[in-house]
Amino acid sequence: MAVLYCVGLLTGPIEGALAGIAIGLTQDLGSASLIGFSGFTRGLVGLFTGLLGRRVLDIQSPSNIIFLFVISLADSLFSVLFLEVTYGSVPVVGFFFGRAILRAATTACVGYGILRLITGKNVLGWISRRSLKKEF
């Protein structure tokens, strides 16, 4: 989720959505869960963060921690509510206080660390170069 947030923030809504779908489908195949559900939710996250990156957020802003926390928490809650509707008897409150908040906090810290690393090492300048030239 943290990497997807960074990709969506740096590239834009279309690229973020496509990266989210690819990451989500890969997670679905690896976990033998409902195929397409994580692709759908991760695609929405990539689209939303791409729109935020274009319109609202600055890459170096500390408010990225809050946005990443809220997005991760919303993704977890959407997943558990979907499981409650489809399978039934999922402990929503226990999941929220037991796992979702801790997972969202960890994701927010890791994502912000990745963004700080990217901006601190001038990775953005290297990525945005059209062609790599050998400098002697």
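The values are calculated or read from the model by the stated rules, or taken from the named source; none is laboratory data. For clarity, every value in this text was computed on a predicted model and none was experimentally measured. Here the Cβ is made from the backbone with ideal geometry for all residues, glycine too, and neighbour counts use every protein chain on show. Heavy atoms of the whole protein, side chains included, go into the accessibility calculation; ligands, DNA and RNA do not. Shrake-Rupley method; radii C 1.70, N 1.55, O 1.52, S 1.80 Å.
Quick notes
- Hits in segment 23-60 - residues which are open to solvent by less than 80 Å² (accessible area, probe 1.4 Å) and among the β-branched types (Val, Ile, Thr): ILE23, THR41, VAL45, THR49, ILE59
- Out of LEU51, LEU81, LEU47, sole residue that is more than 22 Å from GLY12 (Cβ to Cβ) and part of a helix (DSSP H, G or I): LEU81
- Neighbours by Cβ (under 8 Å, 6+ apart or cross-chain): first from segment 106-132, within 18 Å of THR11 (Cα to Cα) and open to solvent by less than 40 Å² (accessible area, probe 1.4 Å); second at pLDDT 65 or above and hydroxyl-bearing (Ser, Thr, Tyr): GLY111/TYR5
- Residue within segment 28-36 that is within 14 Å of the chain's Cα centre (by Cα) and either assigned to a helix (DSSP H, G or I) or among the small types (Gly, Ala, Ser) (or both) present: no
- Among the residues of segment 64-99, those that are surrounded by 12 or more Cβ atoms within 10 Å (Cβ to Cβ) and either more than 23 Å from VAL7 (Cβ to Cβ) or in contact with an Asp or Glu (Cβ under 9 Å, 6 or more places away or on another chain) (or both) comprise ASN64, VAL80, LEU81, PHE82, LEU83, GLU84, VAL90, VAL92, PHE95, PHE96, ARG99.
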